[in-house]
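Everything on this sheet refers to the single structure shown next.
Taken together, the values in this text are just the output of simple stated rules run on the coordinates, not laboratory data. Keep in mind it's a predicted model, so treat the numbers as computed, not measured. For neighbour counting, all protein chains shown are included, and Cβ atoms are generated from backbone atoms with ideal geometry for every residue, glycine included.
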Amino acid sequence: MRAYIIVDLGFGDSGKGLLTDFLVRHLGADVVVRYNGGAQAGHNVVAPDGRHHTFAQFGSGTFIPSVRTYLSRHVVIHPSALLVEGDCLQAQGIPDAFSRLRLSDQALVITPFHQAANRIREIGRGAHRHGSCGVGVGEAVEDALAHPADRVLAGDLLQPETLRRKLRSIREWKREQIAALCRENPPSAPLAREYEIFEREEVIDTWIASIARIGALGLVVSDSVLECWLRETETVIFEGAQGILLDADAGFHPFTTWSRCTAANAFDLIRELAPEAQVCRLGVLRCYAVRHGPGPLPTETDGLTSIISEHNHSGDWQGPVRYGWFDPVLARYALEVTGGVDFFALTHLDVLSHLETWNYGVGYKGASGFDNTLLELDLSDGVLRNFHTPRPLSLAQREQLTQALSGVIPMLETCEADERRVVQKIEELIGQPVDIVSHGPSAGNVHVLNSIHAGINS
């Protein structure tokens, strides 16, 4: 069995959904495993017949008949949003969307109280928001670590009384926690609307009733089901979420996610359930930098905004999508953090047709007051060039790294916006050959430069 692990080497939004759809079609994979993240994912796929869907919890191979999705225990599930997404897929002509989906009974579940608390925290931060999607993923993970006995797992969705008991407990201690936060902030309609979730007695019963279909559909299973799927299939795609630069341990605090965005979770599952599998790690980046929401983006520019067409737009909680020139310093850091990749995909090359010249970073200037000894960064000649960070970093070290990146000035160079030259330059900059390129939003826009195996030809 061959397992392909897709990892985003940036801040997310690099094209993981596109690559999942492409690999499923061209490798004949019939299983997609989601191995991190949660309902905040936004993986866009445009099918050959023009249908478009932004995949959040269903795998991005769902447009292809018979392809199954497994949400592993490392995924944080939003039950009501999952049902809405499945209904949306059925409306797009996929009548068996739910029958091809299974959830690990050990996956963590977001409750209405986690989502409301997440939004209240972001409202309270005002102009200093962390860029949360407002779904409640981080809140659910943090609470599960602090109160493991009360955490809601997917298996609890099949036990109404256990679920009701846990929800009542979560509501009580979250209400006390959030009430204190609300008192520290000026009253507002959005704040009151979210806090009302903790005050309305019927919320628990209404929510349990609204997600009852999950049990009726038989979606929740033990990991033995995934083990069986992996034993029966020849090719599986492990679809990552978000990006390594948002990783809970390696990202730039506080603008991070409560999830491991490297390939680590996928390897854990493979070692446990399919130890004989042949594994290929596929890293992906755009030919320019992108970030949805706040946080450092050293090569940020307004020069790309008007020429880029996005499926993902500014969100009420995340804020705007931002762009920068290609940043090899961060790309090399991501490659180091995840232990390298076997193949590399470069996406969104169609933007080059709108440019005369393409810019790229070669380093940074101006990291004043930065403790390069502590973080072992190369600041020779006043230039921050490469990361060599001892891991795990302390919270203080990660905050310092974030502050440094937020204050640097990128050193940029330019080359002609010719695809062949751009691809060659990126290969030089990151020390990694480009194996796959894409020029648009669908699998037909993806081309293989270097064969991954006999099933894909250029």
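Altogether, the Stokes-Einstein calculation at 4 °C and 1.567 mPa s, with the Kirkwood radius of the chain over Cα pairs as Rh, returns a diffusion coefficient of 57 µm²/s. Cα centroid separation, the stretch 251-303 to the stretch 54-127: 19 Å. The amide H of Val33, built 1.01 Å from its N in the peptide plane, has Tyr70, Ile237, Phe238, Glu239 as neighbours under 5 Å, considering only residues 5 or more places off or on other chains.
For Lys365, the aspartates and glutamates whose Cα comes closer than 16 Å to its Cα, not counting residues fewer than 8 places off in the same chain, are Glu300, Asp327, Asp378, Asp381, Glu413.
For the stretch 228-321, which GluC sites (Glu not before Pro) pass both filters: DSSP loop (anything but H, G, I, E, B) and at most 11 other C-beta atoms within 10 Å? In loop regions of the stretch 228-321 (DSSP not H, G, I, E or B), the sparsely surrounded GluC sites (Glu not before Pro) are Glu276.
In terms of the Cα gyration tensor, with a ≥ b ≥ c the square roots of its eigenvalues, is the stretch 176-253 rounded because a/c is under 1.5, prolate because a/b exceeds b/c, or oblate? Taking the square roots of the gyration eigenvalues as a ≥ b ≥ c, the stretch 176-253 is oblate. Counting only residues at least eight positions apart within a chain, or on another chain, the lysines with an alpha carbon under 16 Å from that of Lys166 are Lys174.
Amide H contacts of Val279: Ala3, each under 5 Å away and 5 or more positions distant or on a separate chain (H built 1.01 Å from N in the peptide plane; Pro and chain starts excluded).
Charged neighbours of Ser224, selected by a Cβ distance under 14 Å, balance to -2 (K, R count +1; D, E count -1). Calculated [222 nm] ellipticity per residue, helices only, for the chain: -10500 deg cm²/dmol; basis is -39500 (n - 2.57) per DSSP H run with n ≥ 4, divided by all residues, nearest 500. Residue by residue, the stretch 344-355 carries 3J(HN,Hα) couplings of 10, 10, 10, 10, 6, 5, 5, 5, 5, 5, 9, 10 Hz when phi is fed to the Karplus relation 6.51 cos²θ - 1.76 cosθ + 1.60 (θ = phi - 60°); x denotes Gly or Pro. Under a 5 Å amide H cut-off, with hydrogens placed 1.01 Å from N, Gly324 pairs with Ala289, Val290, Thr301 among residues at least 5 apart or on other chains.
Once C-alpha pairs closer than 8 Å and six or more residues apart are averaged by separation and normalised to the residue number of the chain, the relative contact order reads 21 percent. When DSSP beta bridges are restricted to pairs lying wholly in the chain, around 40% turn out antiparallel.
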